[in-house]
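Below is one structure; the comments refer to it alone.
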Amino acid sequence: MKILRDTWLIFTRSLSIALRNPIWVLIGLMQPILYLALFGPLLAPLTQLQGFPPGDWTNVFVPGLLLQITIFSAFFAGFGLLAELRSGVLERMRVTPMNRMAMFLGRALRDVVLLFTQSLVLVLLALPFGLRVGLFPLVASMILLGLVGLTMASLSYAAALWLKSEDAMAPFLNMVAVPMLLLSGLLLPMSLGPDWLKWISLVSPLTHAVDAMRSLFAGQFDALTVFRGFAVTGVFLAFSLWVATGAFSRSQA
Amino acid sequence: MAEFSTSLEKPDSRPAGGLAAAMGRPAAQAPTGRAALSIRNLTKTYASGTQALKGVSLDIAEGDFFALLGPNGAGKTTVIGIVMGLVTKTAGTVSVFGHDIDRDHARARKFIGVVPQELNFNIFEKVMDIVVNQGGYYGIPRKVAIERAEEILHPLGLWEKRWEVSRTLSGGMKRRLMIARALVHRPQFLILDEPTAGVDVELRRGMWDYLRSLRESGTTILLTTHYLEEAEQLCKHAAIINHGEIIASGTIKDILARLKSERVTLDLAAPAAQQAAALLAGYRPVVVDPSTVEVEVDEGRGIGPAVVTLQDNDIPVQMVRPKSGRLEEVFLRLTSGNGGAP
C-alpha cells in the first residue's frame with residue numbers, strides 16, 4: 001500500500017537524521033531522571049495516605065513520568081518540523097505525489113521509537129528505586145504509551161503547520177501541556193485531590209491513559225480502567241490523525 | 001573557478017547511454033506538438049486581496065525550452081506554485097501532459113520535476129540519500145533509485161561526492177544537486193526557478209550546456225530567470241508576465257522583433273561626446289561621460305551611418321556595443337509601463 005510505503009520512507013529518513021545526534025535522546029531523559037531521583041523519594045511517605053493507589057511509590061510515579069516524557073518529547077516534536085518548513089524541505093515533499101498522512105505519520109513514528117528508547121531506559125533506572133513490573137503489563141503500557149506519543153506528535157505537527165513560528169509555538173504548547181500535565185495526575189495521583197478536581201481531570205484524555213498505566217504497573221489489572229485508557233486514547237488518536245492530515249493537505253497559500 | 005568545466009561532463013563524455021539513457025528516453029527526441037503544460041484563464045487572489053494572476057493562459061509544447069519572464073512580483077512564482085500544487089488557484093485550469101492538477105494531481109505531479117531557487121534539502125543528509133529518498137517520494141524502489149542516482153550524479157560531477165554530507169558541497173555543487181534530485185524520477189517536464197541565481201559566469205555556462213542536453217534528451221523545460229541573456233541563449237519560446245497578465249508571448253525571435261529600436265553605446269577614442277551628440281541629433285543621443293555617448297538606432301536604419309558621420313568629423317569610434325541585451329531591452333520597455341510598445 002502506498003501509504004505504508006511512504007510512511008516507512010519518511011520514518012527511516014527521519015530516524016537516520018535523528019540518530020546522527022543520539023546524545024539528544026539521552027539528554028531528553030535528564031528531566032524525568034531528576035524527577036525520579038529528587039522528587040520520587042518524597043512520595044514514599046505519601047503511600048500511607050488515604051486515596052494513594054496501592055503498591056510502591058515507584059509503581060505510581062514511574063507511569064506518570066513515562067507520560068511526562070511523552071509530553072515533553074512527542075508533544076514538542078513540531079519544533080523540528082518548523083525547521084524543515086523554513087528550509088523548504090517540507091515544500092519539496094509536498095510537490096511530490098507522496099501521501100499526505102504519511103508525511104507526518106513517518107515522523108510521528110520516529111518520535112514514538114525514540115520515546116520507547118527513553119521509556120525503557122527510565123524503567124531500567126527505576127528498578128534500583130524499587131520498581132517491579134511484569135513483562136505483560138510493561139508491554140501493554142508501552143503500547144499505550146506509543147499511542148499517546150503518536151497522538152501528541154501528530155497534534156504537535158499540526159500546530160507547527162498552523163502557527164509556522166517558534167515564537168508562537170512555545171507558548172501555545174505550554175498553554176496546552178501544562179494544564180494537561182497538572183490535570184492528568186502525572187506527578188501526584190488525582191485520587192488524593194478534592195472531588196471537583198477529580199471531575200475536571202476526567203476531561204483530559206491523558207488522565208485515562210495515566211490511570212490505565214498505573215493499573216498495569218500495580219499488577220492489579222483493572223480491566224475496565226485499562227480498557228477505558230486504550231479506548232479514550234484511541235479516539236484521541238483518531239482525532240489527532242484527522243487534524244494533522246488536514247493540516248498537511250491544506251497547508252497551501 | 002574551473003569547477004564546472006572540470007567536473008561537469010559534457011554529454012559526449014557521460015557513462016554509457018548518456019543523458020538520454022539516464023532520463024530513460026531515446027536520444028534527440030523531437031517535439032511532438034503535444035502540450036506539456038496547458039494553463040487556461042488562471043486567476044489567483046490571495047486572502048489579503050492581492051490579485052496575483054488575472055486570467056493567465058499559456059501553452060508549452062512537449063520538448064520546448066520555455067522562459068517565463070517578468071519583474072519581481074509579476075506573478076511568475078504564483079504560476080509555478082500553482083502548477084506544483086503549493087498554491088491554490090482561485091479559478092482556471094492547469095493540466096500537465098493532459099492530466100488536470102486538481103482531478104488527477106498524483107499523476108500530474110509525476111510528470112513534474114522542480115528545481116527551486118532556494119536550496120531546500122537537509123544539509124546534514126548525504127548527497128546519495130537526498131537523491132535516492134527523492135526517488136522514493138515518487139514511488140521508485142530504492143534499488144532502482146540508486147541506479148538512477150549513479151546515472152545522474154556522474155554527468156553532474158557529483159558521483160565522487162555521493163557519500164558526503166551536502167553542507168560540505170560548494171555552492172555550485174549544491175545547485176547541481178538540486179538538479180540531480182529533480183531528475184531522479186525522470187520527469188518529462190522540468191521547472192527551473194532561477195537555477196543559476198548567484199552562481200559565477202563559468203558555472204552558469206556549464207549549467208546551460210547541461211540544460212541544453214536535457215532538452216535534447218526530450219525533457220520539456222520551463223525556466224524563470226532574471227538573466228535575460230540566459231533565456232535568449234537557451235529558450236525557443238518565452239512569455240513575459242507583468243502585474244499578473246501575460247503581456248507578450250511567442251518565439252524569442254518574435255518577441256525580439258517587437259524591438260523597433262535599440263539603444264547603442266559608442267565609446268569614443270577622444271573626449272568628444274558633446275560634439276558627437278550634436279552631430280547625431282537624429283539618433284536621440286545621450287552623453288554618458290566625456291568619451292561615451294548613447295544613441296537610439298531605429299529598425300532598418302543601422303548604426304553604420306552614425307559611425308561614418310563621426311569619423312568624417314575626426315571623432316574616431318573605439319567601440320560600438322548594445323547598451324543591454326536585446327531581450328532585456330524588450331523586457332524593460334514592456335514592463336516599464338509605456339503601454340507595451342517597444
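Structure summary
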read-out	value
Dipole magnitude (debye, nearest 20) for the protein assembly as shown, charges at Cβ of Lys, Arg, Asp, Glu	1560 debye
Ellipsoid equivalent to the stretch B:109-167 - semi-axes via the Cα gyration tensor, in Å	17, 15, 11
Cα pair distances of the stretch A:2-250 binned at 10 Å [whole percent]	7, 31, 35, 19, 7, 1
Residue A:197 paired with residue B:41, simple spin-label distance in nm, labels 7 Å along Cα-to-beta-carbon	6.5 nm
Label-to-label distance, nm, for residues given as residue B:59 and residue A:182 (7 Å Cα→Cβ offset)	6.7 nm
Coordinate range along principal axes, alpha carbons of the protein assembly as shown, Å, largest first	115, 52, 45
Length released on extending from residue A:44 to residue A:79, taking residue separation times 0.36 nm less the Cα-Cα span	8.9 nm
Number of partner chain Cβ atoms within 10 Å, mean per residue of B:76-86	2
Unsatisfied cross-links (Cα-Cα over 29 Å) in the set B:89/B:323; B:54/B:323; B:126/B:236; B:76/B:260; B:174/B:323	B:89/B:323; B:54/B:323; B:126/B:236; B:174/B:323
FRET E, pair residue B:288, residue B:51, Förster distance 60 Å, beta-carbon r, rounded to 0.05	0.90
Total charge dipole magnitude, the stretch B:3-256, about the Cα centre, Cβ charges on Lys, Arg, Asp, Glu only, Debye to nearest 20	620 debye
Check: the stretch B:259-335 dipole with +1 on Lys, Arg Cβ and -1 on Asp, Glu Cβ, in debye	220 debye
Square roots of 5 times each gyration tensor eigenvalue, C-alpha, the stretch B:3-256, largest first, Å	29, 20, 18
Local electrostatic count, residue A:208, Cβ distance below 15 Å [Lys/Arg +1, Asp/Glu -1]	+1
Percent of alpha-carbon pairs separated by more than 26 Å within the stretch B:201-332	41 percent
Cα Rg, Dmax (largest Cα-Cα span) when computed across the stretch B:259-335, Å	12.2, 39
Label point distance in nm, residue A:34-residue B:143, each placed 7 Å from Cα along Cα→Cβ	5.1 nm
Share antiparallel - DSSP beta bridges, the stretch B:3-256, percent rounded to 5	55 percent
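Values in this text are rule-based calculations from the coordinates and carry no lab data. None of the values given here were measured: they were computed from a predicted structure. Positions of Cβ are backbone-derived with ideal geometry, glycine not excepted, and every protein chain shown enters the neighbour counts.
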